[in-house]
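Okay, structure first, notes after.
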Amino acid sequence: AKLPKGLGTWPAFWLLGAPSILDKSATGIEIDVLEQYGVNPNALCTNVHLWYPDKTHKADGRAYLVTGMTDDFHRYGAMVDSEFITFYYDGVELRRVRTPEEAKVPLYILVDLALGGGWPIDKTPNPSYLYVDYVRAYSN
């Protein structure tokens with residue numbers, strides 16, 4: 001993916017646990033493979049969220065300083081297995097976290113370009129583009 005330049009942009013590549021999408025009594029998992037905020041274009045953010053039925057939330061996130069996400073195409077990835085969720089940037093491991101039970105389910109893939117994310121969008125370039133060359137998913 002090649003990310004957009006500009007304040008207010010909020011590109012993301014994330015995974016959602018299938019059961020919690022329809023069953024609101026199930027704890028939901030959200031795995032942010034990539035979140036990048038236009039206000040900080042050199043920060044690649046990864047996160048594992050647990051969304052509980054009572055509307056409480058737990059997260060384990062990290063940000064990494066990388067340059068060029070808006071200048072050229074790069075690869076963003078996550079391997080989810082029974083032990084770890086491993087995050088990658090251009091094939092290089094960034095980090096790994098223990099896989100919670102909630103992630104041991106089918107996962108939906110989402111890629112989007114949102115605006116805002118807590119920062120004003122009045123200076124967002126119009127139009128703004130998130131370019132995605134391909135998305136691949138593998139299963140054991």
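The values are calculated or read from the model by the stated rules, or taken from the named source; none is laboratory data. Computed from a predicted model, the values in this text were never measured in an experiment. Cβ: placed from backbone, ideal geometry, glycine included. Neighbour counts: every protein chain shown. Side chains are part of the model used for accessible areas, which takes the heavy atoms of the whole protein and leaves out ligands, DNA and RNA. Shrake-Rupley method; radii C 1.70, N 1.55, O 1.52, S 1.80 Å.
Figure legend. Inter-residue proximity from the range 120-140: first residues over 29 Å from ASP81 (Cβ atoms), second residues open to solvent by 100 Å² or more (accessible area, probe 1.4 Å) and part of a loop (DSSP other than H, G, I, E, B), beta-carbon distance below 7 Å, spacing 6+ or different chains. Indicated pairs: PRO125/LYS5. Of everything in the range 43-60 that is open to solvent by less than 40 Å² (accessible area, probe 1.4 Å) and either assigned to a loop (DSSP other than H, G, I, E, B) or of a type outside the set (A, V, I, L, M) (or both), the residue that is nearest to TRP119 (Cα to Cα) is CYS45. Elements of the type strands (runs of 3 or more DSSP E) sitting completely within the range 74-140 and holding at least 1 residues that are more than 23 Å from ARG62 (Cβ to Cβ), more than 14 Å from the chain's Cα centre (by Cα) and aliphatic (A, V, I, L, M): these cover 107-115. Total residues in the range 99-114 satisfying the condition of being more than 19 Å from PHE84 (Cβ to Cβ) and either open to solvent by less than 60 Å² (accessible area, probe 1.4 Å) or in contact with a Pro (Cβ under 9 Å, 6 or more places away or on another chain) (or both): the figure is 5. I need the full set of residues from the range 115-131 which are surrounded by fewer than 14 Cβ atoms within 10 Å (Cβ to Cβ) and either in contact with a Ser or Thr (Cβ under 9 Å, 6 or more places away or on another chain) or on the phi < 0 side of the Ramachandran plot (or both), in order please. Correct list: GLY116, PRO120, ASP122, LYS123, PRO125, ASN126, PRO127, TYR129, TYR131.
Filtering the range 3-42 to residues that are open to solvent by 60 Å² or more (accessible area, probe 1.4 Å), under 16 Å from PHE73 (Cβ atoms) and in a strand (DSSP E or B) leaves nothing. Within the range 57-112, being in contact (Cβ under 8 Å) with a residue 40 or more places away in the chain and of a type in the set (Phe, Trp, Tyr) holds for PHE73, TYR76, PHE87, TYR89, TYR108.
Yes/no per residue for (1) modelled with pLDDT of 95 or more; (2) in contact with an Asp or Glu (Cβ under 6 Å, 6 or more places away or on another chain); (3) not basic (Lys, Arg):
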{"residue": "GLY6", "(1), (2), (3)": "no, no, yes"}
{"residue": "ASP32", "(1), (2), (3)": "yes, no, yes"}
{"residue": "GLU35", "(1), (2), (3)": "yes, no, yes"}
{"residue": "GLY38", "(1), (2), (3)": "no, no, yes"}
{"residue": "ASN42", "(1), (2), (3)": "yes, no, yes"}
{"residue": "CYS45", "(1), (2), (3)": "yes, yes, yes"}
{"residue": "LYS55", "(1), (2), (3)": "no, no, no"}
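The residues on offer are ARG136, ARG75, ARG96, and the sole one that is over 16 Å from TYR37 (Cβ atoms), touching a Phe, Trp or Tyr at 6+ places or on another chain (Cβ under 6 Å) and open to solvent by 60 Å² or more (accessible area, probe 1.4 Å) is ARG96.
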